[in-house]
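Contents: one structure, followed by commentary.
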Amino acid sequence: MSLTPKLLKDAQIKLNNTHNPVFMPQFGFGTAANADELEINKEAIKVAVRDAGIRCIDTARFYGGGKIEYAVGEAIEELIKEKVVTREELFITTKIWPNQWNKAQESLDKSLKALKLDYVDLLLQHWPICFLEIVNPATGELYGTPHDEKTGKPLYDETGDYITTYKQMDAIYNSPNNTKVRAIGVSNYAVSQLERVLADDTIKTKPSILQVELNPQLNQEELVKFCTKNGIVVIGYSPLGSTGAPILKLPEVNEIAKAHDITAYDVIVSWFIKKNLAVIPRSLNLQRVAKMKYYYDLTDDEVAKIDQIGIDKPYRHIDEDFTAILPGFTGRVKTENK
Ligand SMILES: NC(=O)C1=CN([C@@H]2O[C@H](COP(=O)(O)OP(=O)(O)OC[C@H]3O[C@@H](n4cnc5c(N)ncnc54)[C@H](O)[C@@H]3O)[C@@H](O)[C@H]2O)C=CC1
Ligand SMILES: O=C1O[C@H](CO)[C@@H](O)[C@@H]1O
């Protein structure tokens with residue numbers, strides 16, 4: 001049976017923040033590209049906004065070897081100059097990486113400079129982790145993910161407490177002169193870590209957002225239930241299973257796609273929208289990006305069938321060595337010093 005396409009740009013979620021009301025598009029464009037993909041990423045963002053009508057861009061200080069925010073900034077500047085959008089129509093998210101866990105203000109200011117913006121719509125703590133600040137002598141920049149040269153182990157700052165980053169973000173957000181951040185949230189937190197933030201009376205504004213890996217193989221049922229109960233909106237990252245898009249090869253997803261004559265990609269995006277989750281896929285294929293416009297109303301049975309994939313055989317795609325200290329992660333994949 002064919003389904004009527006619905007416009008993604010009309011799907012918005014209200015964030016539970018303590019200042020002015022903030023609405024976030026449910027669909028955003030991911031930008032976790034490599035350092036040698038900056039130009040094409042800039043082009044992809046322009047196509048996403050101009051041709052597909054996407055208004056939400058997810059970026060981070062860490063992406064593109066610390067350079068992607070410059071490409072995002074150039075794309076936004078050109079889109080505004082070309083009168084495709086106004087700044088107010090866009091929703092820009094950036095994140096604080098754990099190598100600046102104790103320098104939220106500095107990290108935000110660097111992001112704003114690179115993005116050529118006066119404010120971001122959403123600022124996230126990227127990971128509940130504290131790294132040592134170590135300068136790479138070759139570049140003069142901080143290592144994003146520092147490792148001990150002898151043991152190859154990630155170098156955490158043992159004096160650090162991950163909640164410090166969120167407390168600093170809370171202070172920025174609630175400072176009487178704040179014009180730089182419209183909403184704050186966290187990423188890669190587990191239920192126990194969210195509980196700690198919610199129970200902390202020194203924190204004025206609880207996270208509006210939790211951004212975590214979420215896809216049919218990792219449906220994060222427990223986290224989503226907890227967030228829904230506590231008014232936290234969930235954004236699913238790596239919705240396609242990250243590089244190579246393995247989720248699009250799952251037979252259950254392809255069966256549903258075939259039944260409606262839509263693509264496996266359409267099925268995944270529609271699954272998120274139906275579940276009231278936000279989603280931020282990435283692509284550098286300009287033809288594909290231009291088509292990121294629609295979602296479809298899947299049936300409850302179809303949603304349940306996709307949910308079952310992760311219940312039967314859960315699998316986490318983003319599980320790097322530095323994540324081994326976190327609840328639910330194993331630290332399976334080795335990350336080099338970068
Ligand atoms: N907060 C966090 O720690 C994290 C956040 N993110 C954010 O989430 C975004 C999305 O996650 P990613 O890991 O980048 O991966 P993703 O799950 O969006 O998959 C990207 C891959 O899918 C391919 N792809 C996209 N559309 C396709 C289509 N229609 N057909 C076939 N292949 C297709 C792309 O070429 C790429 O290889 C990131 O770009 C980043 O903005 C990602 C990882 C961690
Ligand atoms: O956002 C992120 O992207 C990388 C992997 O793609 C991950 O380490 C980080 O959280």
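The values are calculated or read from the model by the stated rules, or taken from the named source; none is laboratory data. Everything numeric in this text was worked out from a predicted model, so none of it was measured. Don't worry about glycine lacking a Cβ; one is built from the backbone with ideal geometry, like all the others, and counts go over all protein chains shown. Just the protein is used for accessible areas: all its heavy atoms, side chains included, with ligands, DNA and RNA removed. Shrake-Rupley method; radii C 1.70, N 1.55, O 1.52, S 1.80 Å.
Quick notes on this structure:
- Here the Karplus curve 6.51 cos²θ - 1.76 cosθ + 1.60, taken at θ = phi - 60°, turns the phi angles of region 194-205 into couplings of 5, 4, 5, 5, 5, 8, 7, 5, 7, 8, 7, 10 Hz, with x standing for Gly and Pro.
- Model label zone, VAL191; criterion: amide N under 15 Å from point 7 Å along Cα-to-beta-carbon; scope region 297-334: 327-329
- Highest mean packing comes first when the peptides 231-237, 158-164, 136-142, 264-270 are listed by Cβ atoms within 10 Å, giving 264-270, 231-237, 158-164, 136-142.
- Summed side-chain charge close to ASP307 - residues other than ASP307 whose Cβ falls under 15 Å, Lys, Arg +1, Asp, Glu -1: -3
- Note on region 6-323: with neighbouring protein chains present and a 1.4 Å probe, carbon and sulfur make up 50 percent of its accessible heavy-atom surface.
- Counting all C-alpha pairs of region 6-323, share separated by more than 26 Å (%): 45 percent
- Using the Cβ-Cβ distance between ARG87 and GLU39 with R0 = 22 Å, the FRET efficiency computed as 1/(1 + (r/R0)^6) comes to roughly 0.45.
- Anchor LYS204: lysines whose Cα lies under 16 Å away (excluding residues fewer than 8 positions away in-chain): LYS167
- When the surface is traced with a 1.4 Å probe over the full set of protein chains, LYS305 keeps roughly 110 Å² accessible.
- Evaluated at q = 0.10 Å⁻¹, the base-10 log of the normalised Debye intensity for region 199-325, with identical point scatterers placed on the Cα atoms, takes the values -0.34.
- For LYS42, the lysines whose Cα comes closer than 24 Å to its Cα, not counting residues fewer than 8 places off in the same chain, are LYS9, LYS67, LYS81, LYS83, LYS95, LYS110, LYS113, LYS116, LYS180, LYS291, LYS293, LYS338.
- Spin-label pair ALA304/ASP201, simplified geometry with 7 Å Cα→Cβ offset, distance in nm: 4.5 nm
- In this structure, the amide hydrogen of GLN12, modeled 1.01 Å from its nitrogen in the peptide plane, lies closer than 5 angstrom to those of GLN26, counting only residues at least 5 positions away or on a different chain.
- Simple label model, 7 Å out from Cα along Cβ direction - ASP157 to ASN177, nm: 2.4 nm
- Between ASP118 and ASP297, full extension at 0.36 nm per residue minus the direct alpha carbon distance yields a gain of 60.7 nm.
- Largest first, the residues THR228, THR205, THR299 sort by 1.4 Å accessible area into THR228, THR299, THR205.
- Taking every DSSP bridge with both residues inside region 6-323, close to 30 percent are antiparallel.
- Solvent-accessible area per residue in the chain equals 46 Å², computed with a 1.4 angstrom probe and all protein chains kept.
- Computed E for LEU7/LYS225 - FRET, C-beta separation, R0 45 angstrom, nearest 0.05: 0.95
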